[in-house]
Structures are given as C-alpha cells and as structure tokens.
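The values are calculated or read from the model by the stated rules, or taken from the named source; none is laboratory data. All of these numbers come straight from a predicted model, not from anything done at the bench. Note that each Cβ is placed from the backbone with ideal geometry, even for glycine, and that neighbours are counted across all protein chains shown. Side chains included, ligands, DNA and RNA excluded: accessible areas come from the protein's heavy atoms. Shrake-Rupley method; radii C 1.70, N 1.55, O 1.52, S 1.80 Å.
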Amino acid sequence: MKHYLLSVITPTGGEPPVGEDMARIGRNLEIFHRELREADAWVFAGGLHGPETATVLRPQGGDVLITDGPYAEGKEYLGGICLIKAPDLDAALHWGRRAAWATTLPIEVRPFMGETDETGETGEGGAARRTGEA
C-alpha cells in the first residue's frame with residue numbers, strides 16, 4: 001500500500017462555516033474518517049489553524065532564521081490534512097472525492113515519493129485522473 005496526502009485547500013479571507021453548517025461538516029468528516037478506518041485506509045487526519053499562527057524556519061548563512069506568519073501571501077492555504085493508505089492513485093482519488101464532499105472544500109491528492117503501488121507503479125498516472133472520475 002502507498003501513502004497519499006489529502007490536503008484541504010482553504011480560501012484565505014473566507015468566513016468559516018458556523019452553526020448548523022459547521023456541525024454538518026463535522027458529522028460528514030466523522031463519517032468519512034469512520035469509512036477510512038473500516039477500509040483500513042486510515043493513518044492520520046487533523047485540521048490546522050490559519051496561516052497567521054505559523055512560524056517559518058529558514059536556513060540562512062549557517063543559522064536558521066525564525067519568522068512569524070506565512071512568508072508569501074496567497075489566495076488559499078493548507079487548512080488540514082489526511083494521510084491515507086491506498087493501493088493506487090485511483091483508490092486515493094476515490095478517498096479524495098469523499099473528502100471534498102465531507103469538507104465542502106477542494107482537496108489535493110498527492111503520493112509520497114519513493115513508494116510504489118501493488119502493480120509497481122509510482123502513482124503518477126491513473127485512469128481516474130485521465131477521465132476525471134474517482
């Protein structure tokens with residue numbers, strides 16, 4: 001089994017859901033995580049605070065420079081992650097689709113380097129990617 005990162009892409013400056021909308025998303029995520037566990041695809045998942053809480057460490061001149069907050073501004077930021085196990089990219093895209101429905105946000109699916117699926121492929125292609133289905 002390969003490992004894939006499902007990244008939750010969150011819009012910068014957007015208003016987070018509140019009340020019943022947030023409760024619904026929370027319930028959907030609980031169901032999604034339960035399905036991952038039942039399929040033995042679960043590794044880890046968690047939400048992240050906004051980029052304003054970040055501390056960036058950069059190697060510079062033989063030392064490490066520490067700065068507050070994000071270095072570059074963007075329209076989106078990493079809002080959460082889910083690390084899964086899947087036999088191939090098509091299976092990972094299936095889980096990514098489920099995550100998108102649960103969170104109501106875009107999900108980036110990315111394989112870890114150096115791993116191969118059960119067929120020996122690196123996960124860089126896949127029928128689901130070519131057809132847009134998962």
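Please state which of the following conditions Arg110 fails to meet, knowing it meets all the rest: (1) among the basic types (Lys, Arg); (2) open to solvent by less than 90 Å² (accessible area, probe 1.4 Å); (3) out of contact with any helix residue (DSSP H, G or I) (no Cβ under 8 Å at 6 or more places or on another chain).
For Arg110, the failing item is (2).
Are there any pairs, at least 6 apart or on different chains, whose C-beta atoms fall under 6 Å, with the first in region 73-89 and closer than 13 Å to His33 by Cα and the second in a loop (DSSP other than H, G, I, E, B), and if so, which?
Every condition considered, the pairs that remain are Ile84/Ala41; Lys85/Met1; Lys85/Ala41.
Going through region 85-97 one residue at a time, which ones are open to solvent by less than 70 Å² (accessible area, probe 1.4 Å) and within 27 Å of Gly14 (Cβ to Cβ)?
Answer for region 85-97, where residues must be open to solvent by less than 70 Å² (accessible area, probe 1.4 Å) and within 27 Å of Gly14 (Cβ to Cβ): Ala92, Leu93, Trp95, Gly96.
Hey, among the residues in region 35-60 that are open to solvent by 40 Å² or more (accessible area, probe 1.4 Å), at pLDDT 95 or above and assigned to a loop (DSSP other than H, G, I, E, B), which one's farthest from Lys2 (Cα to Cα)?
By that ranking, first place goes to Ala39.
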